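Encoded as structure tokens, the structure appears first; notes follow it.
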Amino acid sequence: STAELSGGATAGVTAVGRRSSIALDATDFPFTYYLLQLQRKVSERWGPAAGGAGYRAVVLFEIGRDGRIGAPRVEQSSGSTSYDQAALRAVTEASPFPPLPQEFSAASLRVHFGFEVSAPLTEGPGRP
């Protein structure tokens, strides 16, 4: 079973048309504050190139107790190499994450982080 958290502006995704989501390989992770921190850190570093709508990529990574991650990988490709690379780069640059909550007993947490563009992005202020 999978726990999910989806976010928009409240999770720090500020650009119109960009969304992120988190799914976990854990059913006993009630620490929403931790997931929001994770989502904010990654979303702040995500800058997909200008282009069309409809892209969605999912990056899989595992967070250790100390907040460090193993090598992230694209679990679901968007079909665009540059979009997938931007998603991987956002996760890599956002790490390390805060240590896992002490109350969470597992040695690590597997995260499926979704990156989605639902409206066309154009270049402009703050866009590469």
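The values are calculated or read from the model by the stated rules, or taken from the named source; none is laboratory data. Since we're looking at a predicted model, the values are computed, not measured. As a convention, Cβ positions derive from the backbone with ideal geometry for all residues, glycine included, and neighbour counts pool all protein chains shown. Side chains are part of the model used for accessible areas, which takes the heavy atoms of the whole protein and leaves out ligands, DNA and RNA. Shrake-Rupley method; radii C 1.70, N 1.55, O 1.52, S 1.80 Å.
A few remarks follow.
- Every listed requirement among (1) in contact (Cβ under 8 Å) with a residue 60 or more places away in the chain; (2) crowded, with 16+ Cβ neighbours inside 10 Å; (3) in contact with a Phe, Trp or Tyr (Cβ under 8 Å, 6 or more places away or on another chain) is met by P98 save one, (2).
- Selection status of A87, exposed (fewer than 15 other Cβ atoms within 10 Å of the Cβ), aliphatic (A, V, I, L, M) and at pLDDT 90 or above: no
- Only one entry of G67, G79, G126 meets the criterion of being modelled with pLDDT of 90 or more, on the phi > 0 side of the Ramachandran plot and open to solvent by 40 Å² or more (accessible area, probe 1.4 Å), and that entry is G79.
- Close Cβ contacts (under 6 Å, 6 or more residues apart or on different chains) running from residues in region 30-46 that are in contact (Cβ under 8 Å) with a residue 12 or more places away in the chain and part of a loop (DSSP other than H, G, I, E, B) to residues that are surrounded by fewer than 16 Cβ atoms within 10 Å (Cβ to Cβ) and not hydrophobic (A, V, I, L, M, F, W, C) comprise F31/P101.
- For region 28-40, the count of residues that are of a type in the set (D, E, K, R), within 13 Å of P98 (Cβ to Cβ) and at pLDDT below 95 is at least one.
- Taken over region 17-39, residues that are under 24 Å from S78 (Cα atoms) and either open to solvent by 30 Å² or more (accessible area, probe 1.4 Å) or polar (S, T, N, Q) (or both) amount to 6.
- When F61 is tested against (1) over 13 Å from F97 (Cβ atoms); (2) modelled with pLDDT of 90 or more, just one condition goes unmet, and that condition is (1).
- Any pair with Cβ under 7 angstrom, 6 or more apart, that starts in region 57-77 at a residue that is of a type in the set (F, W, Y) and ends at one that is surrounded by 14 or more Cβ atoms within 10 Å (Cβ to Cβ) and in a strand (DSSP E or B): F61/I69; F61/V111
- Restricting attention to region 101-121, the residues that are closer than 11 Å to D66 by Cα, in contact (Cβ under 8 Å) with a residue 40 or more places away in the chain and loosely packed, with under 15 Cβ neighbours inside 10 Å add up to 2.
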